[in-house]
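Derivation of every value follows stated rules applied to the coordinates shown; laboratory data play no part. Note that the coordinates shown come from a computational prediction; the quantities given were computed from them, not determined experimentally. Cβ: placed from backbone, ideal geometry, glycine included. Neighbour counts: every protein chain shown.
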Amino acid sequence: MAVLRLGHVNLRAPADTIERLRRFYVDAIGLREGPRPRFRSGSSGHWLYAGDHDVIHLRVDAHRENETPRGALDHFALLCDRADLAAARARLDAFAVEYTVDEVEETGQTQLFLHDPSGTAVEMTFVR
C-alpha cells in the first residue's frame, strides 16, 4: 500500500482564529511551531510539529469568515506517549480546556476528547 501514515491536518480560518488556534495547539496541547515553506500562492500561516513531523497546518483564509462548514470530519487524533498522560492532563487543566476521558482496556489506550478554539474535535490517544 502506498499510504504510510496520516501526513497532517490542515485547518483554515480568518487570521484572528488562526492565532487562537496556534496558541491553543502550542500552549495547551504542547506542539511546537516550526518551519513553514513559502508557497507560490502567497498563503500565510503556521506549521505545528510533534517531534520532527509537521502534524497541523494552520492557514489564514479571510474568505472562511461567513462560510458554512463542509465535509464530514468528526475529529482527528494525535498519538501520544502514555508516559506523558499526567503532564498532558495538567497542561489542559492549567489552560481550562474541558475534556472527557475514555479508557480502552482492550488496546491499553487512554483517550482524551476535547475541542480546539474553532470547535474542531481532537482526540489525544495515549498508548504504551
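A few comments on the model shown:
- Where labels lie 7 Å past Cα in the beta-carbon direction, separation of V127 and R32 in nm: 2.3
- Options A94, G7, F126, ranked by Cα towards positive dipole end of the chain, top entry (Cβ charges): G7
- Geometric descriptor of the chain, per residue, is 145 Å³ (volume of the convex hull of the Cα atoms).
- In segment 69-128, the GluC sites (Glu not before Pro) that fall in loop regions by DSSP, at most 14 other Cβ within 10 Å: E98, E105, E106
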